[in-house]
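The values are calculated or read from the model by the stated rules, or taken from the named source; none is laboratory data. A quick note: this is a predicted structure, and the numbers were derived from the prediction, not measured. Cβ sites come from the backbone with ideal geometry, for glycine too, and all protein chains shown count toward neighbours.
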Amino acid sequence: MKPSRIAAILLLVGGAAWIGSGVLGRSAQPKEAALEAAKAPPAAARFKVAVLPVSNTLHRRRVVLSGRTEADKKMWAVARVSGVVLDLKVRRGSVVKAGDVIATLSDEAREAQVLQAKARLEQRTAEATARLRLIETGNYPALNKPLLEAELRAAAAGLAQAEAERIKGEVIAPLSGVVNDVPVEVGTALQVFMSGANVAEIIALDPMLAVVEIAERQLNGIQVGGAAEVKLVTGDTARGTIRFVSKKASPTTRTYRVDVELENPDGRIPDGVTAEVDLLLAPVPSARVPRSALTFSAEGRIGVRHVGEDGKVAFAPVEIVEDALKDLWLAGLPDGARVIVEGQDFVKEGEAVETVVAAARG
């Protein structure tokens, strides 16, 4: 055989061997990888939860309570002396001002006492004038001068007292307002005791108060000067200001009285009307969260579960700021937290989960 033919055969055999080794190597590698993949344990699927991103804002809490309106001032005009009612100038619904005469009583000799006191004063004045002249001329002892001055002052005081008694025959309005009740009429004989005899009840309608009783657990945040909205059973509404917060609880209900002052210049808000008072409390940083998100930790603390940036579940203890109809305002959540609203009871802290954004509510 020729040398050239032998060389060609060798080259052909070498090329076939080289090509065969590459094909066999590539086919062996996938098989080995497949075997290794089959031996490895399958990756565990992450539990899927629905999350809702929330953010903290300054939320002004609201406490809605049922109460009543109450006149700021309510007083009786009373007779200070006994007598018969001769003139009655008011009736129910009359508008009066402080100092107005609303009734006049019989004289009962009070005018005569004034005349008598005036005569006595005139007599003492004349006597004192004459005797002082005698003292100046030396015809009357100077030691009697203090006595003359004392008698003159006593006569003047007697006249003032008699005139004061005469004025007591007029019944005066103690404040400005509306007459609510008149239990007497012309001809009624009044007998005055220690507290006087009631003639007319006067109610001051401006300002008007809306009074509520608040529970001790809601007392935090109620401050004098805070705002309030009042809705009356009549349909009228008004805005007011918290004027008084009691520092002592009622012994029977353990609640605290709160007075809301309402402007009532036209008197349209009556006394004793049922009212719904919406107290606006001090704003608190809090987040609005669906009620369903609230849960308990393994230690029994109330809070919500949320997903951190690392995709793992975390628990945040919270404080309920306001319990609304469908949602809760909670304090204590990290700002921008992704709160778990569905599936929070099936995961635990530290567990990696898959998140799906829930539809925004409200």
Quiz prompt | Hits in segment 224-249 (condition: in a loop (DSSP other than H, G, I, E, B) and surrounded by 12 or more Cβ atoms within 10 Å (Cβ to Cβ)) | solution = Gly226, Val233, Thr234, Asp236, Ser246, Ala249
Exercise. May I ask you to say which residue of Val353, Val321, Val341 is assigned to a strand (DSSP E or B), touching a helix residue (DSSP H, G or I) at 6+ places or on another chain (Cβ under 7 Å), of a type in the set (Val, Ile, Thr) and over 30 Å from Asp206 (Cα atoms)?
Key: Val341
Practice problem: Would you please name the residue that is farthest from Asp236 (Cα to Cα), looking only at residues in segment 60-107 that are part of a loop (DSSP other than H, G, I, E, B) and either charged (D, E, K, R) or touching a helix residue (DSSP H, G or I) at 6+ places or on another chain (Cβ under 8 Å) (or both)? | Solution: Asp107
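Quick grid of which residues meet (1) at pLDDT 90 or above; (2) surrounded by 16 or more Cβ atoms within 10 Å (Cβ to Cβ); (3) under 30 Å from Ser94 (Cα atoms):
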| site | (1), (2), (3) |
| --- | --- |
| Thr255 | yes, yes, no |
| Glu263 | yes, no, yes |
| Leu280 | no, yes, no |
| Arg301 | no, no, no |
| His306 | yes, yes, no |
| Glu309 | no, no, no |
| Gln344 | no, yes, no |
| Val357 | no, no, no |
Quiz item: Assuming Trp329 fulfils every condition listed in (1) of a type outside the set (Lys, Arg); (2) under 30 Å from Gly67 (Cβ atoms); (3) in contact with a helix residue (DSSP H, G or I) (Cβ under 8 Å, 6 or more places away or on another chain) apart from one, which condition is it?
Solution: (3)
Practice problem: Scan segment 310-339 for residues that are charged (D, E, K, R), without any contact (Cβ under 8 Å) to a residue 40 or more places away in the chain and touching a Lys or Arg at 6+ places or on another chain (Cβ under 9 Å) and report the count. | Solution: 3
Practice problem: Could you list all residues from segment 135-156 that are among the small types (Gly, Ala, Ser), without any contact (Cβ under 8 Å) to a residue 12 or more places away in the chain and assigned to a helix (DSSP H, G or I)? | Solution: Ala142, Ala150
